[in-house]
Amino acid sequence: QVRVVESGGGWVQAGGSLRLSCAASGSIFSINAMGWYRQAPGKQRELVAIATRDDNTNYADSVKGRFTISRDNSKNTVELQMSSLKTDDTAVYSCNVEGRACSLCPTRAYWGQGTQVTVSS
């Protein structure tokens with residue numbers, strides 16, 4: 001069983017910063033990618049940022065230059081530093097871990113419970 005836990009959400013004024021953290025624990029054989037997704041009310045979930053095991057990163061166009069994803073493979077953690085936040089960034093942010101629980105297990109996605117980020121004007 002793989003457990004994914006996020007922390008660090010909250011409320012901030014526009015222009016401010018927040019840092020989200022995510023830790024994967026439990027029965028983990030390998031992790032390919034770790035990333036952050038978000039879902040705003042009435043909208044579909046979208047990819048925010050993702051980091052692969054070899055440190056390649058990819059960002060949504062809307063957050064490029066403002067958000068930075070960083071990953072620690074030794075600790076199975078990933079963080080999302082969010083700066084210059086806008087009201088449009090308000091959403092539930094969820095951590096996604098793509099990996100395997102054992103050597104013969106299939107690769108699958110594991111999700112955290114989500115953390116609310118609210119940016120006020």
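Just so you know, all these numbers are worked out from the coordinates, no wet-lab data involved. Worth saying up front: this structure is predicted, and the values here are computed from it rather than measured. Here the Cβ is made from the backbone with ideal geometry for all residues, glycine too, and neighbour counts use every protein chain on show.
Peptides 69-76, 110-117 ranked from most to least packed by the mean count of surrounding Cβ atoms within 10 Å: 110-117, 69-76.
Hey, any idea what the orientation-averaged projected area of the convex hull of the stretch 9-66's Cα atoms comes to, in nm²? Numbers along the way, then the final one.
Values: hull surface 22.6 nm².
Answer in nm², one decimal: 5.6.
Counted by Cβ distance under 15 Å from SER84, the other residues give a net charge of +1, where Lys and Arg count +1 and Asp and Glu count -1. Other residues whose C-beta falls under 13 angstrom from the C-beta of GLN1 contribute a net charge of +3, scoring Lys and Arg +1 and Asp and Glu -1.
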